1. Per residue of chain B, what 222 nm ellipticity follows from adding -39500 (n - 2.57) for every DSSP H run with n ≥ 4, rounded to the nearest 500?
2. Rounded to the nearest 0.05, what FRET efficiency do B:Leu22 and B:Leu92 give with R0 = 30 Å and r taken as the Cβ-Cβ distance? Could you check?
3. List the residues, sorted by chain then number, that are 5 or more residues from A:Tyr246 or on another chain and whose placed amide H is less than 5 Å from its amide H.
4. So if I restrict to the alpha-carbon atoms in the stretch C:5-234, what is the Rg, and what is Dmax, the biggest pairwise distance, in Å?
5. Roughly what % antiparallel, to the nearest 5, for the DSSP beta bridges in the protein assembly as shown?
6. Antiparallel DSSP bridges in chain A: what percent, to the nearest 5?
7. Given the -39500 (n - 2.57) contribution per DSSP H run of 4+ residues, what per-residue ellipticity at 222 nm results for chain A, rounded to the nearest 500 deg cm²/dmol?
8. What average count of beta carbons from other chains do you get within 10 Å of the Cβ of residues in C:136-143?
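Just so you know, all these numbers are worked out from the coordinates, no wet-lab data involved. From a predicted model like this one, the values you see are computed outputs, not experimental measurements. Cβ placement follows ideal geometry from the backbone for every residue including glycine, while neighbour counts extend to all protein chains displayed.
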Amino acid sequence: MSEAGKNQFEENEKSERETILQVKNLKKYYMVGRKGLFGEKEYVRSVDGVSFELHRGETLAIVGESGCGKSTTVKSLLRVVEPTDGEVILNRQDFLKLKGADLKKARRNIKMIFQDPYSSLNPRMTVRDIIGEPADIEHVYKTEEEREKLILDTMEMVGLNKDFADRYPHEFSGGQRQRIGIARAIILRPEIVVCDEPVSALDVSVQAKIINLLKELQAKMNISYIFISHDLGVVKHIADRVLVMYQGHVVEEGTRDEIFENPKNDYTKLLLASIPEIGKKMDFDQFERAFQAE
Amino acid sequence: MRKKNYYSESLKLFWKNKLAVLSLLILIVLVISAIFAPVLTPYDPNKQVLADKLLFPSSKHPFGTDEFGRDILTRCLYGCRVSLSVGIVSQLIASVIGYFMGVCAGYFGKKTDDVISFLIQVFSSFPALLFAMALMYALGSGIMNLYLTLGFLSWANTARLIRGTVLQLKEQEYIQACRIDGGSNLRVILKHLFPNCIPMLIVSCTLGIPSAILTEASLSYLGLGVPSPTASWGSMISGAQTFIRTNTYYSLFPGIFIILTVIAFNTLGDGLRDVLDPKMRK
Amino acid sequence: MERENILEIKDLDVRLFTERGELPVIDRLNLTLRAGETLGIVGESGCGKSMLASAIMGLVARPGKVTGGEILFGRDEKQDLTKMSAKELRRIRGTGISMIFQEPMTSLNPLMSCGRQIVETIVAHEKIGRAEAKARAISIIRSVGIQRPEKVYGEVPAQLSGGMRQRIMIAMALVCNPELLICDEPTTALDVTVQAQILGLIRRLQKEKKTSVVFISHDMGVISQMADRVAVMYAGQLVEYAQAEAIFTRPLHPYTQGLQAAIPKMNEKKDSLESIPGNVPMLYELPKGCIFSPRCAYATDRCRSERPQIVEADGHRVRCFLYEQGGDAQRREMKATDTSETKIENKKKIGEEGEG
């Protein structure tokens, strides 16, 4: 291998592993009450010391059942809820400590796609204004024409007809609404997009289209996804690495193949065995045993 | 598949409610006759013609005349100006205060919510009429003071309604989305919460008007409303009570105007709520 | 051995009377369920599967109405459920037919203890003393796999987890030994591990009690675990009906094929998933011809102008012109010749308009 080729190779290797987000020991406790009137405070440890890294251009899936803390994890790292403790390193800064203009600037780089295509779009705003809102907040354009062009280009990228810009969300189907949500998330070309169960409210035939779109956008824009889902079929299809969470902790982390082909943790094994799959009869007895053991 | 936007859709549903449309027509007629009262009648509402006092209804005076010989129809129409303007302006004031208080309570929560909720409680537990009387005593009678007093009295209802709505809206993901994009509180309140509260505001405003009109009538009846000789339905009834046995029509006509207006606003408000409130929609 | 039919649905028509006119939620549906078997009904949102459950239970409410056809229930003497009085239906619900729903909280009384609710169900349907009813309630709670039934007996639904609630719901549905159990998306709100438990439980109890089951779900994977026969519904119509194995190994209707292709599979890696272009049509804008034709890759002019009837092919009953002359061979031939071109052409055409 020539020297130049070797350098090129190392360069690729490096960029593939480049960490763009680092979460360290993230915690979110909710106070639920006190022991007695003035006693010790009691907490629910919704997220209890979660750490992980996200690399450029990859999809990191977080799986687990409801209440395992996967949603709270991403909401804490996006500061939708203020986490109790931990660090979120984004561009060499602790995102959790940022304030004011710095926070606003950092937010440009990390966006979110929501689960519910109905409650995530303001029913009184037109599609144009919904998609354009992040741009409005950041004042990234100088003229109305620039804004219009940005919005229409983004609509085209997610496969929305430009004529729909003046319509309201209720005129669209679930899948199209999810496209609007995606357009809004990518309009500022962020490096990281958090997807919170983006397809679980959709019909199967539509779900496939949205997943394909997410993959397509990733290939085009080199976005990194944090992808939350309870559907392991979808996760296996889209994820590069997988984080399995249980009761606020990460119980197993690995590449997709490691997790799906050779799971180490008992909970991961149970999770994988419980997927109903066509053409594979499930062994129901083990679940009954697991339930009795609880 | 193309559906129109929310308000034109609501309007279409609204036209199907015959009673509400009828109420709207009645109110439009009242508003027009209040505005064009000087053109519609040849009489001056306040000029005393003692020769013509206490006439029964006739072709010259369709509603008769009062103890000072003033045409009752004319005074009813001029009274309409007072009643409608008091109802509408006071409720607009109430809506502004109520929206601001309700949004602050619902959106910011915690201490702000505690304080405002307490204020709402306090204002809803006052006997409204007594409070209005006290305020009018303090401020002195006059139409401006009526607007302020009645507006100040009824913001609590609106605030409670808006607070509840905002508490629900706050959980919507588009509010979270705006915050993730770095949107300020002001942006959330103006761009996201306000448009979604407008239907509630329209409804609470429409339903608040009749009670404001009634309170105004009561105050005027007690001599605390508009200063005489300005005509107002309440003060007319007050003047008529001496003659209730002999000249029943005198109190009857302003009474009919009050009832008609109140029922019309209530029906209209119910109709609007049916089409605007998402919970009431099928 | 041929088993007798426990449920026969013949030409069932259910319509919604709305401002947009009469909408066919269920359009001339024919289905049969044999005693002791499970009939799986699968389809996307708005395909009419939940309305079908309501129709069988006699719970179709305004603006919906059963406008035609019959639902025959029973082993020897079949009764038409659509013609029963409210009183007769109440008697049959519980002892003859029971139902479990997606969200147990909406069908359990939040203020009454679980045990009491089961006792009330028993007492409502059978002449039996309270003490005896209580003993039976405890034994049924034990039989749905709950270890300390006495404790759970006294708890109200809010004290239980989602999975436990669904177990109580199942106990309540089965306590009067109904012949038919209707499950309407019973595991959709649950986590996968709990879903697996509940599915196992339903299967075990079905075997023990020899109950017949109608199992409704949007999830092909779940249906494949539960059903002996599968009916695929689309926009109010039955599009394919066959043995479960046949549906999953050799789906015939283009919709069934598309639906299966769209599911991400665990055992294969692909760069992109197959998807069905377009959206499920609204009931007030159903296409004139075959209801699937606007999204179908094989659609011809005939499909767009004429409604196909259900035909027999390869042991399937399928609503598609491709199988008019029967067999799989026919389809392959069609695919090989002219249709492959139409298919590409169609895909292009749909791709331009179709957004999802």
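1. It comes out at -22500 deg cm²/dmol, rounded to the nearest 500.
2. 0.75
3. Placed amide hydrogens put A:Val251 under 5 Å from A:Tyr246.
4. So, for the stretch C:5-234, Rg and Dmax equal 17.4, 54 Å respectively.
5. If I count the DSSP bridges inside the protein assembly as shown, around 60 percent turn out antiparallel.
6. 60
7. -12000 deg cm²/dmol
8. Mean shielding count: 0.
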